[in-house]
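Please read the structure below before turning to the comments.
The values are calculated or read from the model by the stated rules, or taken from the named source; none is laboratory data. Computed from a predicted structure; not experimentally measured. Neighbour counts run over all protein chains shown; Cβ positions are idealised from the backbone, glycine included. These accessible areas exclude ligands, DNA and RNA; they are computed on the full protein's heavy atoms, side chains included. Shrake-Rupley method; radii C 1.70, N 1.55, O 1.52, S 1.80 Å.
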Amino acid sequence: MNNSSQVRVRFAPSPTGHLHVGNARTALFNWLFARQAGGVMVLRIEDTDVERSEARFEGQLLDDLKWMGLDWDEGPDVGGPYGPYRQSDRLAMYHEQAERLLREGNAYLCFCSQEELERDRAEKLANQLPPVYSGNCRALDPAEAQQRRASGEAAAIRLRIPEHPIRFHDIVHGAVEFSNEVVSDPIILRSTGIPVYNYVVVVDDALMKITHVIRGDDHLSNTPKQVALYEALGWPVPQFAHLSTILGSDRERLSKRHGATSIANFREMGVLPEALMNYLALLGWAPSGGTREIFTPEELKKEFSLQRVTPSPAVFDMEKLYWLNRHYIKQSPPERIEKLAEPYFVRAGLLPAKPDERIRKWFEKIVALLVPSVDRLEQLPERAALIFQYDAAAAANSPENADVWAAPKTNEVLEEFAQLAGSDAAPLTPERFKTIMNEVKTMTGAKGKELFHPVRVALTGSHSGPEFDKLIPILEEGSLLELPRHVMSVRQRLDRLLTKSKADPSSD
Ligand code: GLU
């Protein structure tokens, strides 16, 4: 079934929380490597830490991975030839292999109590020695030890670390060597019968025929123990590739302190999955010979190479992610963005929960108008304030508008505009708006900024903003729709502003 030269990689998250940037990048690099090589991607759930693992996190991890555009060929949800794919369902295998290691003399029973171990560790540290296991039980007679265990004495199982340095090759870090002096004989099975990470990961990777272990470099120091385990179990050692740490802008390890770090966070912000994928691919990898930064998932599959992954830490640059996101938002078909943007407006109380066809058509125009001004979709409702929130007092009094109000032609321009725009009850069309503005120009002699800024401030509260011929139909049509918050028409805005200035010209 398994072609022996076939690349097989795995992503092995622990369901103890949300999928965050570091793990998502690990998943991505595994996936790119597998897809490029025509290999197999395995998803394995590492839930031996029963206290911290939760089923709901497993569901979310799978959702987040799928949302990013990743898929897998074997895993807890799709099955496969080397399952089960959840460690809690594989305990019998771990016990079986541990007993084999004992039988073959590569592991031994350890009866040391927690207190003894802690005391020993503290002493070693105080004497500036590596805090490795004393080896107290290493020389016990195996038959005697078995008897003690059979009579009910609590016993853990420890691996015998070999008496020679442990070496392995890492695709990112090159040749790595650890002196056996600094590697403790690791516990593989606790006296409670619960197996330990370094051990289960080896049993699983070997039995799942994993050829390349690609993971975060926080696991680099675990690798000598794992290599020793492969050797003791008589199994081939896979290739390793340890990916660099991801740092925040302050060069500290990226954490919640730096703001959004989970995939769910980015999704909520309105980052598109292909933007996130593109950005994560650049964390520690760069294409050969070039400064190119924009890659679609298909292009990444072609270009990616583990050989070009750098061992130095990668700094997470939120602005660059947003920049890429802006690019992908602009590239997306409008219908996709409308669909993704709608919930943000519903949540902000600007659209009804189930907008009808008319409202949807109108909403399309809003999205088209505002999309060029955002780099994530969550910003849209705020940018839409000029449509949904008209504040005459702010228009009249905001310090930003002071220059406009002080300009000599402003009042004249606005009076003319109000009169002409108000002379017809029909909604203002962009064409009629143009005609009116031409007339205002002729009547007042104002042109350019002195003509347009007063009108802009009067209608939107700000002297900068989107083009009028797109904005005006949105205001006019919006005022006729049944919306949770009324949208004021051009005329309503003018009325509000003019009544306001008449009623209280000097109000603040
Ligand atoms: N479950 C481990 C983690 O989430 C992954 C271990 C591995 O990739 O070897 O860090």
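Evaluated against (1) more than 19 Å from residue 213 (Cα to Cα); (2) open to solvent by less than 20 Å² (accessible area, probe 1.4 Å), residue 53 falls short on exactly one condition, (2). For the stretch 294-312, a residue qualifies if it is open to solvent by less than 60 Å² (accessible area, probe 1.4 Å) and either polar (S, T, N, Q) or assigned to a loop (DSSP other than H, G, I, E, B) (or both), and the qualifying residues are 294, 295, 296, 304, 305, 310.
Among the residues making up the stretch 389-441, those that are open to solvent by 40 Å² or more (accessible area, probe 1.4 Å) and hydroxyl-bearing (Ser, Thr, Tyr) are 423, 429, 435. Among the conditions (1) in contact with a Lys or Arg (Cβ under 8 Å, 6 or more places away or on another chain); (2) open to solvent by 60 Å² or more (accessible area, probe 1.4 Å), the only one that residue 149 does not satisfy is (1).
Could you tell me which residue of the stretch 24-42 is farthest from residue 280 (Cα to Cα), considering only residues that are within 12 Å of the ligand (Cβ to nearest atom), touching a residue at least 60 places away in the same chain (Cβ under 8 Å) and surrounded by 23 or more Cβ atoms within 10 Å (Cβ to Cβ)? Applying the filter and picking the extreme gives 42. Going by the conditions given, is residue 207 touching a helix residue (DSSP H, G or I) at 6+ places or on another chain (Cβ under 8 Å), modelled with pLDDT of 95 or more and away from the ligand (no atom under 16 Å from the Cβ)? Against the criterion (touching a helix residue (DSSP H, G or I) at 6+ places or on another chain (Cβ under 8 Å), modelled with pLDDT of 95 or more and away from the ligand (no atom under 16 Å from the Cβ)), residue 207 does not qualify. Of all residues in the stretch 273-293, those satisfying the criterion of being surrounded by 14 or more Cβ atoms within 10 Å (Cβ to Cβ) and in a loop (DSSP other than H, G, I, E, B) are 282, 283, 284, 286, 287, 293.
Of all the numbered requirements in (1) near the ligand (Cβ under 10 Å from one of its atoms); (2) over 12 Å from residue 211 (Cβ atoms); (3) touching a helix residue (DSSP H, G or I) at 6+ places or on another chain (Cβ under 9 Å), residue 10 misses one, and that requirement is (2).
For (1) farther than 16 Å from residue 317 by Cβ; (2) not in a helix (DSSP H, G or I), each residue gets a yes or a no:
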residue: 232; (1), (2): yes, no
residue: 235; (1), (2): yes, yes
residue: 242; (1), (2): yes, yes
residue: 251; (1), (2): no, yes
residue: 264; (1), (2): yes, no
residue: 267; (1), (2): yes, no
residue: 271; (1), (2): no, yes
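Here residue 100 meets the list (1) open to solvent by 10 Å² or more (accessible area, probe 1.4 Å); (2) under 17 Å from residue 212 (Cα atoms) almost entirely, failing just condition (2).
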